[in-house]
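Below is one structure, written out as structure tokens, with a few remarks after it.
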């Protein structure tokens, strides 16, 4: 899978791509199958909501499940990342499913990923890409990502660690900066059916609201970062920033369904 | 202003109407002008957010300000209500502006108004109409109302008093009921530019999310109820359910701008 010129231009201008229909319903079903088991595990890699105790984010999935071990090497994730970065040597930095349960899934405040990657992990440059796959239909109502269009162009914004508003510590951006950049670029709601893919960069401002709807919202996220831009601090545990710098090698395009059939 | 047949059919089917462009930018400006003063008043009719202390809802505005005294008699609000109810004798039950401040305005949980009107005020039948005017542009991002289409057809749902999740006590509907009715009718986001009007009935299930955006969201709300269906309990104060049963008499269509010019 290669991005066409229009998609590359849009990514450069907007800071994100929303690509519907990249993964088939059958592939999404394969990806959903292990989730109940993974979410049921007692592990520090499962972060739970403060109020309900439900799993909010389940990390290190490629080390905990064979299907996700294949998914991080999927060509439809890795090849666009290689293409955008112009670098074939990317390592698997983080692998998770963010879940917002019906009626109870909580907010992610305004942030950009590089603030955490730089402050906590000592990543030198904002090159990492965040690749999402919707595992449920994502609508206006069940907690979609909000992007501030073009906010990546202004570079890293000031950020401060928020350990108060949710159970997951996050380097967040102050309201004045969000307001200024939202006035410049506008907000975009990233919605689409299950199987939709998102790509966004390390300095794009984003957030997502609570899920008030009766429908779960699960999104897979893979962060790939150039080996040449690797972490320099080991402050966070391996499940939040993996230490293994082996460049990711792609599998075949049918790697999910072929293995599931076997 | 009269609703046409198509609008009446939609209201009967969906349980709500979203009517853009009913109030002009000049009229909206007249309505915005007194708000800073009204929101600044120390009165039990101003309900404040638990976390920030900002005013969440400012009630009894027609008794506190001349412009709002005219607004509750505005023909574009009263005439459609008379038409829908087939009853000319309606009283002003509640008059407020609900404000969701940028970044901090909080959720309204899933509810329908009749649960409160019946339990707290002893209103016999679910006839009251809630008439809204957007005083700011309402978008996907700043806390729009969510309606469950057609949920009014199932009649009053079971409800329980919630005094925990927000500062405003509200009779709310349980998750199972919301899920069932949402599956039947689907959710609708009530968005539109300032000046948009909403009409919805007393048993329509609705909610609205927190405002994570950098833009305030203020909505005027007038509840009109037939005198023949008046309150039978005086449990809540006058500012939450007015005692004055005088049928509302309409003013001229230019009542807002003419008075402002004078």
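Side notes on the structure shown:
- Residue match in segment A:121-133 (condition: touching a residue at least 40 places away in the same chain (Cβ under 8 Å), closer than 26 Å to residue A:213 by Cα and within 14 Å of another protein chain (Cβ to nearest Cβ)): no
Rundown of residues vs (1) crowded, with 23+ Cβ neighbours inside 10 Å; (2) assigned to a loop (DSSP other than H, G, I, E, B); (3) within 15 Å of the chain's Cα centre (by Cα), yes/no style:
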{"site": "A:78", "(1), (2), (3)": "yes, no, yes"}
{"site": "A:83", "(1), (2), (3)": "no, no, no"}
{"site": "A:106", "(1), (2), (3)": "no, yes, no"}
{"site": "A:109", "(1), (2), (3)": "no, no, yes"}
{"site": "A:120", "(1), (2), (3)": "no, no, no"}
{"site": "A:123", "(1), (2), (3)": "yes, yes, no"}
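- Filter result for residue B:219 (touching a helix residue (DSSP H, G or I) at 6+ places or on another chain (Cβ under 9 Å) and in a strand (DSSP E or B)): no
- Identity of the residue in segment A:134-168, over 18 Å from the mean Cα position of the chain (by Cα) and part of a helix (DSSP H, G or I), that ends up farthest from the other protein chains (Cβ to nearest Cβ): A:153
- Residue B:114 part of a helix (DSSP H, G or I), touching a residue at least 12 places away in the same chain (Cβ under 8 Å), under 22 Å from residue B:162 (Cα atoms) and more than 14 Å from chain A (Cβ to nearest Cβ): yes
- Considering A:260, A:194, the condition of being surrounded by fewer than 20 Cβ atoms within 10 Å (Cβ to Cβ) and in contact with a helix residue (DSSP H, G or I) (Cβ under 8 Å, 6 or more places away or on another chain) is satisfied by A:260 alone.
- Hits in segment A:35-71 - residues which are within 24 Å of residue A:208 (Cα to Cα) and in a loop (DSSP other than H, G, I, E, B): A:44, A:45, A:49, A:50, A:51, A:52, A:53, A:54, A:60
- Taken over segment B:240-262, the residue count meeting the criterion of being over 22 Å from residue B:46 (Cβ atoms) and in a loop (DSSP other than H, G, I, E, B) is 11.
- Candidates A:35, A:31 - the one that is surrounded by 15 or more Cβ atoms within 10 Å (Cβ to Cβ), more than 22 Å from residue A:199 (Cβ to Cβ) and in contact (Cβ under 8 Å) with a residue 40 or more places away in the chain: A:35
- Exactly one residue among B:214, B:226 is within 14 Å of chain A (Cβ to nearest Cβ) and either surrounded by 15 or more Cβ atoms within 10 Å (Cβ to Cβ) or under 24 Å from residue B:156 (Cα atoms) (or both), and that residue is B:214.
- Test result for residue B:237, more than 14 Å from chain A (Cβ to nearest Cβ) and part of a loop (DSSP other than H, G, I, E, B): yes
- Considering residues of segment B:169-205 that are within 11 Å of another protein chain (Cβ to nearest Cβ) and part of a strand (DSSP E or B) only, the residue farthest from residue B:1 (Cα to Cα): B:187
The numbers here are math on the coordinates, done by the rules we state, and not lab data. Fair warning: this is a prediction, and the values are worked out from it, not measured in the lab. Neighbour counts run over all protein chains shown; Cβ positions are idealised from the backbone, glycine included.
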